[in-house]
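Report on one structure; see the data block that follows.
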Amino acid sequence: MAEQKIRELSKVAEHVAMRDAIRLEKLSKRKAIQTLARQGMEVKDIANALGIRYQHVYNTVLQLGGPGRSKEALEKRQEALLDQLARIEAELAGK
C-alpha cells in the first residue's frame, strides 16, 4: 500500500515538474535545465519535459557542475514528495 502511494506520488511530482518546465519555456533551455536539475529532476525527465535530446541535457548538466544530485537537491525533492504524500493521505482520510 505504501509503495503504491509512493509510486502515485512520484507520478504526481513528475507531472508537477513537467508543468513547471513548460512555464520555464520563456527562459533559455540552459537555464531551464539548470533549474530543473537543481530541483532534483532526472536527466531523462528533463529531456522529456523540455522536448529535447537526453544527451543535450546530460552535457549541459555536467557543464553546470554535476548531475543535479546534490544533497540539498535530493533533500528538497524528498521534502516535496513527503509533503505531497501527507496531502494525499489527508485527502484519503477525509473521504
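Values in this text are rule-based calculations from the coordinates and carry no lab data. As the structure is a computational prediction, the values presented were derived from the model and not from experiment. For neighbour counting, all protein chains shown are included, and Cβ atoms are generated from backbone atoms with ideal geometry for every residue, glycine included.
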Taking 7 Å along the Cα-to-C-beta vector as the label spot, tell me the E14-E72 distance in nanometres, rounded to one decimal. 2.8
Order of D45, D83 from fewest to most other C-beta atoms within 10 Å? D83, D45
Grab the other residues whose beta carbon is less than 13 angstrom from that of Y54, score K and R as +1, D and E as -1, and report the net. 0
Quick one: order I33, I88 by neighbouring beta-carbon count within 10 Å, fewest to most. I88, I33
Which net charge results when you count Lys and Arg as +1 and Asp and Glu as -1 among the other residues whose beta-carbon is under 14 Å from that of Q4? 0
In nm, what is the difference between 0.36 nm times the number of residues separating A86 and L62 and their Cα-Cα distance? 5.3 nm
